[in-house]
There are 4 protein chains.
Amino acid sequence: MKDIQSQEDHRRINIKKVGVKTISYPITVLDKAHSQQNTIASFNMYVNLPHHFKGTHMSRFVEILNRYHGAIDIGNFHNILQEMKDKLEAEAAHIEMSFVYFLSDADNADNLKSRRYECIMHGSLEKENDLEFILNVPVSIPLAKQMATGLPQSLGQWGRVVSAVKFRNFIWIEDLITLIEKAVDIAHEKASAPGENSMSVESLSHQIAQSLEEEKAIKSFSLKVENLAEGYSTFAAIESLA
Amino acid sequence: MKDIQSQEDHRRINIKKVGVKTISYPITVLDKAHSQQNTIASFNMYVNLPHHFKGTHMSRFVEILNRYHGAIDIGNFHNILQEMKDKLEAEAAHIEMSFVYFLSDADNADNLKSRRYECIMHGSLEKENDLEFILNVPVSIPLAKQMATGLPQSLGQWGRVVSAVKFRNFIWIEDLITLIEKAVDIAHEKASAPGENSMSVESLSHQIAQSLEEEKAIKSFSLKVENLAEGYSTFAAIESLA
Amino acid sequence: MKDIQSQEDHRRINIKKVGVKTISYPITVLDKAHSQQNTIASFNMYVNLPHHFKGTHMSRFVEILNRYHGAIDIGNFHNILQEMKDKLEAEAAHIEMSFVYFLSDADNADNLKSRRYECIMHGSLEKENDLEFILNVPVSIPLAKQMATGLPQSLGQWGRVVSAVKFRNFIWIEDLITLIEKAVDIAHEKASAPGENSMSVESLSHQIAQSLEEEKAIKSFSLKVENLAEGYSTFAAIESLA
Amino acid sequence: MKDIQSQEDHRRINIKKVGVKTISYPITVLDKAHSQQNTIASFNMYVNLPHHFKGTHMSRFVEILNRYHGAIDIGNFHNILQEMKDKLEAEAAHIEMSFVYFLSDADNADNLKSRRYECIMHGSLEKENDLEFILNVPVSIPLAKQMATGLPQSLGQWGRVVSAVKFRNFIWIEDLITLIEKAVDIAHEKASAPGENSMSVESLSHQIAQSLEEEKAIKSFSLKVENLAEGYSTFAAIESLA
């Protein structure tokens with residue numbers, strides 16, 4: 001009786017999401033060169049609740065988390081999402097898994113670059129399963145002239161590319177990184193041609209978008225290109241229409 | 001000719017947003033107690049571009065920024081937004097102004113609390129002007145027992161409340177802070193009653209939502225309540241239906 | 001000739017340190033429960049150079065880094081330090097390895113806590129080898145009353161303990177964590193006794209210092225205890241005389 | 001009696017520092033162009049305590065803080081430090097005031113650069129007063145060729161210079177910034193001469209050290225130059241012998 005009244009008082013209010021953030025676990029990720037690599041992931045898990053949902057359900061959330069404690073991986077995303085959706089009577093369930101992926105640069109032993117890429121795997125279940133992969137690729141400034149010393153000297157950081165892709169078919173993280181880094185190289189080359197300006201966020205966006213579009217394994221994508229400057233940055237954001 | 005072709009090749013691609021991020025300037029904010037206070041703001045300025053927009057327009061952006069250089073304030077948000085929209089032939093224009101607001105705690109000289117609140121003012125112009133104010137209120141843990149020493153000792157941090165409101169009428173930042181902090185006090189009191197659990201993210205969400213709903217100057221709102229724990233946090237998010 | 005002159009012009013100047021910061025690699029750490037765990041480390045490597053050292057030696061640095069590329073571990077700290085000292089004709093060589101250590105909480109399956117500890121291993125070689133281990137232990141607020149629901153609910157964060165220890169004998173990371181967390185429990189208990197105030201940074205410092213002092217495997221230590229409050233924090237720092 | 005015993009048990013332990021961190025207040029800083037500017041400072045205040053000091057003194061600390069609440073400025077550093085030293089019977093007292101200084105770039109209206117510099121003023125009182133000023137100057141990458149469009153386009157970030165100076169005579173923050181930025185320009189020019197490599201952390205360190213040495217108002221200094229790269233950074237640190 002009291003509950004119904006308190007609900008009538010606040011017809012405009014509804015809890016939309018409840019969840020847990022930044023739980024860290026060691027995980028294993030598929031690696032093209034070595035079949036798997038060990039890294040650390042940080043998890044966000046939350047559900048969208050329906051409009052007239054009453055009461056506290058964090059306890060059911062905790063039950064699910066405890067059952068999968070330390071064993072949450074992309075392989076059982078679907079099972080956990082389904083259980084979250086059922087147990088919490090939710091409209092949708094979400095898992096975000098953030099981790100750092102390392103590229104083993106076997107061909108490039110002279111390179112000091114640690115080749116460290118921040119990634120997020122975002123799985124969600126509403127009526128259908130949905131999987132989005134977000135990749136952060138740092139962009140450095142290529143050397144304009146050959147160094148006398150042969151040192152892997154750096155000219156500094158140009159900026160970064162954050163791409164979010166949905167897949168039609170499986171693709172290695174390594175291959176997606178290569179795709180984007182090749183597009184960066186092409187954009188750098190075009191910008192260094194006589195009569196051209198320095199590489200802009202728009203030109204790099206278009207170059208990468210073109211490469212992503214041509215890759216058959218990718219169903220759709222959005223991307224953001226950011227150029228660091230002293231005290232500010234410029235950016236351009238693009239997304240595929242699909 | 002070449003341009004048209006390259007466009008036909010990439011029909012699925014469109015630049016959605018271009019802009020500039022984290023330009024910092026000192027600004028002046030209205031303050032109920034002292035009429036104004038000086039603080040530092042960080043600005044993001046960007047536009048949504050139409051589908052078939054061709055070419056680079058960062059130069060026009062820079063012209064606008066240079067004209068208002070160091071004098072961007074909420075008072076001229078509308079003028080800058082209109083100019084951004086016109087000059088860049090954009091569908092929508094956005095300014096996000098992040099700053100820290102300090103509460104002068106005249107009544108409370110014994111209090112070490114610096115009463116520092118992170119705020120964002122987000123102005124946008126599409127067909128109509130729209131203004132959203134985002135306020136971050138830290139939540140501490142009240143002392144369960146009276147301290148013998150009378151020291152302003154802390155038991156630590158419980159979490160924080162991030163609320164985003166749109167206004168019907170003018171309201172002082174100070175009054176919005178007071179509204180939320182009073183709701184936090186009520187929720188703390190309810191949770192400390194015999195037979196009750198410790199304050200949950202859901203119960204605090206509902207308490208604050210109720211207070212925001214009752215404030216006539218507020219047209220609509222969304223809010224997120226976060227409880228820090230060791231190694232993770234829990235959260236609940238609510239929004240008004242309006 | 002020119003070099004000697006330029007040196008005479010600036011007799012007051014000497015380069016003290018050169019090095020490389022935040023190179024990340026996956027590493028393996030000894031783990032009491034599972035014999036080893038995979039985690040990610042970030043490395044700083046630098047040398048102290050003598051007063052009248054002339055010229056650029058980053059190239060020699062890079063040679064060493066490339067030779068140990070991706071295989072820097074506590075097991076070969078001494079070899080790398082010796083090589084850094086020799087090749088760079090340095091007075092001292094340093095490696096700082098930062099990583100996150102996870103505790104597998106087998107006894108405590110109901111616990112949402114991810115038990116994640118930030119650690120730094122700092123090896124240095126001047127005349128002798130020296131190894132210091134720095135451990136960051138978060139301190140939460142214990143529940144004052146038994147929860148009806150039995151949920152692992154949190155009251156929030158009290159603060160943290162950062163301890164830096166040098167060892168006489170080997171000690172597991174796990175055992176050092178347990179030593180500190182037990183001291184925190186004792187300090188919490190003492191503070192909750194009738195007539196006592198809430199736990200202070202000084203009382204917690206003394207409790208932990210006493211426990212570290214009693215551990216025979218520890219040669220010397222320093223520690224810093226920090227209590228988070230709303231908008232500021234208080235701290236106390238202690239070190240052993242040894 | 002009990003106190004003496006507990007002290008004998010722990011002869012190796014002494015509390016070295018107690019204090020308060022990151023209290024934020026708006027402050028006013030002297031500005032060459034406009035006589036003063038408003039900004040926000042974050043304060044750390046702490047004391048070094050003698051070896052056999054007994055008991056908790058945070059309450060005296062809080063009394064001092066409350067008396068100067070919101071009015072801590074470089075003008076009354078000495079008075080606050082003296083009071084901290086006396087009331088807490090301390091060996092030394094410290095205030096660290098961190099703030100952001102903005103350069104009003106009147107001559108350079110076309111420049112998007114917000115010219116934002118992080119600064120720390122560190123005052124300490126042991127037997128004598130001591131004042132150290134720490135300045136963070138970001139270093140960008142100069143354009144190699146004149147841009148056709150005349151846009152203030154950026155090539156990215158090279159790194160940063162952190163200098164800590166003690167003064168013989170008063171010097172404007174603005175003049176210290178100019179001194180360092182001129183040294184950066186000279187180092188960039190030297191590095192772009194035919195046959196030269198890109199600017200190294202060592203060469204930039206030497207160039208800035210030379211300029212600081214020649215400035216009569218500066219008594220002594222230390223500086224650290226850092227070059228950002230993809231995934232790591234290199235650095236060189238120098239200090240004057242004085």
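The table for this structure:
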| item | result |
| --- | --- |
| Total residues in the range D:76-105, condition more than 14 Å from D:Tyr25 (Cβ to Cβ), open to solvent by 20 Å² or more (accessible area, probe 1.4 Å) and in a helix (DSSP H, G or I) | 7 |
| Test: D:Ser163 is more than 11 Å from every other protein chain (Cβ to nearest Cβ), surrounded by 20 or more Cβ atoms within 10 Å (Cβ to Cβ) and polar (S, T, N, Q) | yes |
| Matching residues in the range D:220-242 - criterion: being within 12 Å of chain A (Cβ to nearest Cβ), in a loop (DSSP other than H, G, I, E, B) and aliphatic (A, V, I, L, M) | D:Ala229 |
| Residue within the range A:188-195 that is without any contact (Cβ under 8 Å) to a residue 60 or more places away in the chain and more than 14 Å from chain D (Cβ to nearest Cβ) present | yes |
| Those residues of the range C:220-242 which are within 17 Å of C:Gly156 (Cα to Cα) and open to solvent by 40 Å² or more (accessible area, probe 1.4 Å), in sequence order | C:Leu228 |
| Search result, residues across the range D:166-181 that are in contact with a helix residue (DSSP H, G or I) (Cβ under 7 Å, 6 or more places away or on another chain) and open to solvent by 20 Å² or more (accessible area, probe 1.4 Å) | D:Leu179 |
| Of all residues making up the range A:122-142, the number that are modelled with pLDDT under 95 and either of a type in the set (D, E, K, R) or open to solvent by 20 Å² or more (accessible area, probe 1.4 Å) (or both) | 10 |
| Unmet criterion (only one of (1) at pLDDT 95 or above; (2) of a type in the set (S, T, N, Q); (3) not in a strand (DSSP E or B)) for C:Gln153 | (1) |
| Residue satisfying all of: in the range C:208-219; within 18 Å of D:Asn14 (Cα to Cα) and open to solvent by less than 20 Å² (accessible area, probe 1.4 Å); nearest to the other protein chains (Cβ to nearest Cβ) among these | C:Ala209 |
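The values are calculated or read from the model by the stated rules, or taken from the named source; none is laboratory data. Owing to the predicted nature of the structure, the values given are computational and were not obtained by experimental measurement. We place every Cβ from the backbone using ideal geometry, glycine too, and count neighbours over all the protein chains shown. The accessibility values were calculated without ligands, DNA or RNA, using every heavy atom of the protein model including side chains. Shrake-Rupley method; radii C 1.70, N 1.55, O 1.52, S 1.80 Å.
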